[in-house]
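The structure appears below as structure tokens.
The values are calculated or read from the model by the stated rules, or taken from the named source; none is laboratory data. Keep in mind the model is a prediction, meaning the values are calculated, not measured. Counting neighbours? That spans all protein chains shown, and the Cβs are built from the backbone with ideal geometry, glycine included. To get the accessible areas, we keep the full protein, side chains included, count just its heavy atoms, and leave off ligands, DNA and RNA. Shrake-Rupley method; radii C 1.70, N 1.55, O 1.52, S 1.80 Å.
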Amino acid sequence: MTRIVRRDLPALLPATALVGVLLWWALDGGGYATTTWLPGTLALLGLLVVVLAAAPRRRPAPGAVLALGAIAAYTAWSYLSVTWADNQGVALEGSHRTLLFAACFALGVAIPWTVTAARAALVLAALALTAVALVTTVRLGAPSAPDLFIDARLASPVGYQNADAALWTVGAALALLLAGRREVWAPVRPVLLAGGGVQLALAVLAQSRGWVFALPVIALVLVAATPNRVRLALFALPVAAAVALALEPLLEPFRVAGGVTPGTADAELAVAAADARSAILLVGAGLLAAGAAAVAIDARVTPSARVRQASGRVAAALAAVALVAGAAIAFAATDGAPGQRVADAWADFRDFEQPDGGASRFESLGSTRYDFWRVGWELAGDHLLAGIGQDNFAQPYLERREAGEEPRWTHSLELRLLVHTGLVGALLFAAFLAGVAWAAWRRLRAAPPVAAVAAAGLAPLVVWLVHGSVDWLWEVPVLSAAALAFAGMVAALPAHDAGEPGALAVPRRWPRAARVATAAAGAALGLVAALAVTAAWVADHDVEVAARDWPADPDAALRRLDRAADLDPLDAEPLVVEGTIEMYRDRPERARAAFAEAVERTPRDWLPRFQLGLAASATRDVAGARAAFEAARARSPRDPLIALALRRLDSDRRLSYRTAVAYLQARVERRLGG
């Protein structure tokens, strides 16, 4: 790696802290839990304040200014959507998440980057993900390996298979884009190459169909953005070849255990996981040796300008040949009827009733995404301008669904923007992306060392955008934060390798009073945001502790829940947990009061009304229970549990709260594997 000097430290120190937060989230479920990402938000907001106070002032690029303004406006619009959202507590939580991502981008722009510091930060992130990948690989050989899988698909460390595939793709892209660069310290480059192979293999283990379609697009975009594409190809092709040779053991876990009842094939899954571990370790070892040889040769051979130009032309010609050959192979694979094959694939995609098993999950396109997207488009059309409120997709979907799933998210970034925040929100976010692209364009056209850093810095954003178009990745903080923070880094990167570091600054041509007023307004908004996030964190922590520890001290748990309900007056969860505890303590009247208050906070949601019906049934108020169950059924017409409760209401076998909870738990376990 290029030698780190004193001028790099003001950027490298906060960048190391940023990577530390991302590593924490990567190891802790992707940061998905509110009790993880809310404190992380406070940490990153604090880091942003420190950087703004200590970093040297430089004017950001115009594109960065546009992007900052647009993401700030989108965040404000998200908070405003709380006022028209049906579930205001969920909308407020989603707006806090949006604030986190805006702060990450602002932090990326605010850090006074040098090219060397930016390169070092990217290498550090790539090595951190490589370390996580190696730990995950080793765990595949443990007796507890089946716990790492959901439906025989690798779901560790994030806990959601498709997000895991995206995380490993981010790590592999960073590693491969950096491994071929001479500016990176030579001993690190073979490790990066091996890490790229290990992470790509783990992505295959996740068996994400969205990832399969996203990967070629991601690769094409990154290759197009990267200078010295021949050099990149020389380092990337061995990785692709090694993973291709290991495909059979990587696909074996799903073949032996996919689509079966959770827990019934754990022994076979453990054996297959151990075989996959051996194959991945072999891939890593082979690439480590190949990388060491490649780096040694690279250090001794410097091709002339004529050779580089010729190799570029040859690479372009080979790419054209590959495209033509690929098109011919694809045409032949359809038996000369590509239109019919596309129609068959579309019918397959819409068939969400087909079983999810077979030798590989990649063999079929059937899923419930079509139903998610169908309802999403309907909601977007019905609420075109402003949307339904941040993160409010779950309940309206239940009212219109045809499939049997209960998703919280739209499974598409574009639909998420349109459904939750309407055309206004989508246009604001499009302006943000346009600003990032504008700022990045100059960096990608700079000298190769700068352009290479810019291309690597954009890799997390490219993965997030492309794969996130067919999946839910926005809601996974480790992915979104990395995408936006490194995009901010690219926007603030000096255009020359020896250029002055850049950071946020209020334009000096503004009058002093305007600069002071802007700084004061920013400080006030930041303080309000920090207080709101802190209140949400304390409330969520209280709910988590109360739900976990109530059997030991129920009264203390209820006091915690009261405080949580006061700290977050829009959130129904403290009241739902309170009602649940009271039902388990055989105090249905108290539970009924808690569930009734939860219904007031979330009048459109089915679950608090269903729980209210169970509490009324326990007090032998049949009329009240029936009214609550009917109201719940109106909000989730296809739910079999509500139908069961209504059928039993007039019998001596009324559905009990404990039975309903066991049913719901079994429903979740069937989907998530325990």
The one condition in (1) among the aliphatic types (A, V, I, L, M); (2) within 21 Å of the chain's Cα centre (by Cα); (3) open to solvent by less than 10 Å² (accessible area, probe 1.4 Å); (4) more than 20 Å from Ala163 (Cβ to Cβ) that Leu428 fails to fulfil: (3)
Considering residues that are touching a helix residue (DSSP H, G or I) at 6+ places or on another chain (Cβ under 8 Å), part of a helix (DSSP H, G or I) and either open to solvent by 10 Å² or more (accessible area, probe 1.4 Å) or more than 26 Å from Arg445 (Cβ to Cβ) (or both), the number found within region 218-230 is 6
Scope region 190-217; condition over 24 Å from Val256 (Cβ atoms) and surrounded by fewer than 23 Cβ atoms within 10 Å (Cβ to Cβ); matching residues: Pro190, Val191, Phe213, Leu215, Pro216, Val217
Only one residue in Ala73, Ala67 is of a type in the set (A, V, I, L, M), assigned to a helix (DSSP H, G or I) and open to solvent by 10 Å² or more (accessible area, probe 1.4 Å), so which one is that? Ala73
Residues that are in contact (Cβ under 8 Å) with a residue 40 or more places away in the chain and surrounded by fewer than 22 Cβ atoms within 10 Å (Cβ to Cβ), drawn from region 247-260: Leu247, Leu251, Arg255, Val256, Gly259, Val260
In the set Arg604, Arg653, Arg626, the lone residue that is more than 30 Å from Ala155 (Cβ to Cβ), open to solvent by 50 Å² or more (accessible area, probe 1.4 Å) and assigned to a helix (DSSP H, G or I) is Arg626
Condition test on Gly171, is it at pLDDT 95 or above, within 17 Å of the chain's Cα centre (by Cα), under 30 Å from Ala265 (Cβ atoms) and open to solvent by less than 10 Å² (accessible area, probe 1.4 Å)? yes
Matching residues in region 17-59 (of a type in the set (A, V, I, L, M) and under 23 Å from the mean Cα position of the chain (by Cα)) number 16
Residues that are over 21 Å from Leu479 (Cα atoms), of a type in the set (Gly, Ala, Ser) and in a helix (DSSP H, G or I), drawn from region 77-127: Ser81, Gly89, Ala117
Looking for whichever is farther than 17 Å from Ala485 by Cβ, in contact with a Leu (Cβ under 9 Å, 6 or more places away or on another chain) and of a type outside the set (S, T, N, Q) here; the options are Leu38, Leu9, Leu44, Leu48. Which one fits? Leu38
Among the residues of region 177-186, is any among the aliphatic types (A, V, I, L, M) and open to solvent by 10 Å² or more (accessible area, probe 1.4 Å)? yes
Got a sec? Which of Asp147, Asp164 is farther than 12 Å from Ala273 by Cα, in a helix (DSSP H, G or I) and among the acidic types (Asp, Glu)? Asp164
Complete set of residues in region 163-209 that are among the charged types (D, E, K, R) and within 23 Å of Arg361 (Cβ to Cβ): Asp164, Arg209
Among residues belonging to region 261-286 that are among the β-branched types (Val, Ile, Thr) and open to solvent by 60 Å² or more (accessible area, probe 1.4 Å), point out the one that is farthest from Ala145 (Cα to Cα). Thr261
Residue ID - farthest from Val90 (Cα to Cα), chosen from residues in region 579-593 that are in contact with a Pro (Cβ under 9 Å, 6 or more places away or on another chain), without any contact (Cβ under 8 Å) to a residue 60 or more places away in the chain and in a helix (DSSP H, G or I): Glu582
